[in-house]
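Notes for the one structure printed next.
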């Protein structure tokens, strides 16, 4: 399976590298939300301050989604569903926290380059598929292509939009009436 040097095997290796990189990144992000820094309680307070109410529910929802989808991407199982989870979490992060801060992540408040790259990489994986060197490939699950993009659009983007519509209540900014 791995021994032959072919263009096809090069593509499978590239998909493996992309899946594992995105998967490990999102897995560690979820891990950090639960066990790092301020632990899940700190994540909940931060989510609450962003307007995600109740914060503890959304902290757990995002963190578990990141952990599960990270593992699914690493092993290449149900790849478009895992990608949809990543896209959903990144869309919510984009809207609630990163969008107003500009593109670059090193700007105050953290820009959106990180969440954009993870969302696009996950979307690409949903469209291309996990490749032969994955559980999807070994089980011959055919969820890629247009099906993968639809799964990401409906479950990832649609789920994020529904979550934001029902749970995001940012604080109103005070209007300066002295002018």
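No value in this document is a laboratory result; all are computed from the given coordinates. No experiment lies behind these values; they were computed from the predicted model shown. Cβ placement follows ideal geometry from the backbone for every residue including glycine, while neighbour counts extend to all protein chains displayed.
Look through 76, 156 and report the one residue that is out of contact with any strand residue (DSSP E or B) (no Cβ under 9 Å at 6 or more places or on another chain) and more than 14 Å from residue 20 (Cα to Cα). Sole residue among the options that is out of contact with any strand residue (DSSP E or B) (no Cβ under 9 Å at 6 or more places or on another chain) and more than 14 Å from residue 20 (Cα to Cα): 156.
Conditions tested, residue by residue: (1) crowded, with 18+ Cβ neighbours inside 10 Å; (2) farther than 19 Å from residue 13 by Cα.
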site	(1), (2)
75	no, no
99	no, yes
104	no, yes
113	no, yes
151	yes, yes
169	no, yes
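Do we find a residue being buried (at least 16 other Cβ atoms within 10 Å of the Cβ) and touching a strand residue (DSSP E or B) at 6+ places or on another chain (Cβ under 6 Å) anywhere in the stretch 81-91? No; the residues of the stretch 81-91 include none that is buried (at least 16 other Cβ atoms within 10 Å of the Cβ) and touching a strand residue (DSSP E or B) at 6+ places or on another chain (Cβ under 6 Å). Test residue 43 against the stated conditions and say whether it is in contact with a helix residue (DSSP H, G or I) (Cβ under 7 Å, 6 or more places away or on another chain) and either closer than 19 Å to residue 152 by Cα or free of Cβ contacts under 8 Å to residues at least 12 places away in the same chain (or both). No; evaluated as a whole, the condition is false for this residue. When the stretch 1-49 is filtered for residues that are part of a loop (DSSP other than H, G, I, E, B) and either under 24 Å from residue 171 (Cβ atoms) or touching a strand residue (DSSP E or B) at 6+ places or on another chain (Cβ under 7 Å) (or both), the ones remaining, listed by number, are 37, 38.
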